[in-house]
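**Student:** Would you mind keeping the following structure in view while I ask a few things?
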Amino acid sequence: MYRGRTLGSNEIHFIRELIAAHPQASRYALSRQLCSAWDWKQANGELCDMVCRGLLLMLARAGEIELPEARRAVLPPKPPEPVVPDNRPVCGPLSGIGEIDIEPVRRTPQEALFNSLLQQYHYLGYQQPVGEHLKYLVTARGQAIACLAWSSAARHLGCRDRFIGWDAEQRRRNLPLLAYNTRFLILPWVRVEHLASHLLGRMAARMARDWERFYAHPVHLLETFVDPQRFRGTCYRAANWQLLGHTTGRGKNDLTHRANRPCKQVLVYPLHRRFRELLTQ
């Protein structure tokens, strides 16, 4: 099983024949041909190219197939270019900072500013997401005051899975209907009471609509992790997010079954009153 797709001897034989039939093809071309042959697409119609390349690489490392040599060296991602932001102090009551705009900035000229702000001011820095994701830049009177990043949900999360009540097959099929708040940054020159919970409330009101516009399917549940050694998660609770429990501290690629990172609080926010029905059908 790889990312929800079951592979047997027939599938591996098909991949070997595809590689043999196209000896001059690059890894990129082979992955796209395989996606087309299997009709392996995202909900918005785009090929699952990056996931397929991960599958081919996994099979090659396991000795099941032989891939052509990589034509380009895979370089580590460069950190975002630093951008000097407008850091005038923003203080006072929420009603006094003017109109607040929340705009998706992925694939827009403002994405560079978003990436740079996270790299400079978020304690985890910036990490380029893979797969479905959205980036939001929050401004007041044209000045950036916050950033929120969302991506695909964690594949396995015990307390969340028990809360939803789905089985392994339902989780595999419906996991794309969850979104994970990977980053939430209020910029350090902003001191506005209740701003964080206000932004979370506004995000909850638009996430399902925005996700469907970008990826042709909705989301029904939001999730996030909070490191209790650093934060109390007050803004999430004030915005009616529910605390379900804690992570195991093993990470998504765990092979040792031992904790190797801080255990974090798991909080969720249902976007639909029938979310359990929608996620288990």
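All of the numbers you see were taken from the coordinates with simple rules; none came from a lab. Just so we're clear, the structure is a prediction, and the values are computed from it rather than from any experiment. Don't worry about glycine lacking a Cβ; one is built from the backbone with ideal geometry, like all the others, and counts go over all protein chains shown.
**Student:** By the scheme Lys and Arg +1, Asp and Glu -1, what is the net charge of all other residues having a beta-carbon under 15 Å from that of HIS220?
**Tutor:** Net charge around HIS220: +2.
**Student:** Short version: what are the Cα gyration tensor semi-axes of region 1-136, square root of 5 times each eigenvalue, largest first, in whole Å?
**Tutor:** Square roots of five times the eigenvalues give 43, 17, 13 Å.
**Student:** Once label points are set 7 Å from the Cα along Cα→Cβ at both ARG276 and LEU243, what is their separation, rounded to one decimal in nm?
**Tutor:** Spacing of the two 7 Å Cα→Cβ label points: 2.2 nm.
**Student:** In sequence order, what are the phi-derived ³J(HN,Hα) couplings for region 89-95 according to the Karplus relation 6.51 cos²θ - 1.76 cosθ + 1.60 with θ = phi - 60°, rounded to whole Hz, with x for glycine and proline?
**Tutor:** x, 10, 9, x, x, 4, 6
**Student:** A follow-up question, please. Treat each spin label as a single point 7 Å out from the Cα along the C-beta direction, and report the GLU111 to CYS159 distance in nm.
**Tutor:** Spacing of the two 7 Å Cα→Cβ label points: 3.4 nm.
**Student:** For the chain, count the residues as N, evaluate 2.2 N^0.38 Å, and divide the Cα radius of gyration by that value, please.
**Tutor:** Here the answer is 1.12, to two decimals.
**Student:** Counting DSSP beta bridges in the chain, what percent are antiparallel, to the nearest 5?
**Tutor:** 85 percent
**Student:** Excluding GLN229 itself, calculate the net charge of residues whose Cβ lies under 12 Å from the Cβ of GLN229, where each Lys or Arg counts +1 and each Asp or Glu counts -1.
**Tutor:** Surrounding charge for GLN229 is +3.
**Student:** Could you work out the per residue convex hull volume over the alpha carbons of region 9-61, in cubic angstrom?
**Tutor:** 78 Å³
**Student:** At q = 0.14, 0.18, 0.21 Å⁻¹, what log₁₀ I(q)/I(0) does region 51-116 have when each alpha carbon counts as one equal point scatterer in the Debye sum?
**Tutor:** After summing over all Cα pairs, the log10 values are -0.73, -0.91, -1.04.
**Student:** Please go through region 131-238 and write out the GluC sites (Glu not before Pro) that DSSP classes as loop and that have at most 13 other C-beta atoms within 10 Å.
**Tutor:** The qualifying sites are GLU193.
**Student:** Before rounding to the nearest 500, sum -39500 (n - 2.57) across all DSSP H runs of length at least 4 in the chain and divide by the residue total; then give [θ] at 222 nm in deg cm²/dmol.
**Tutor:** The per-residue figure over the chain is -10000 deg cm²/dmol.
**Student:** Sticking with this one: On a 0 to 90 degree scale, rounded to 10, what angle separates helix 111-121 from the longest Cα axis of the chain?
**Tutor:** Its long axis makes an angle of about 70 degrees.
**Student:** So, how do all the Cα-to-Cα distances of region 123-192 break down into 5 Å bins, in percent, from 0 on up?
**Tutor:** 3, 13, 22, 16, 15, 12, 9, 6, 3, 0
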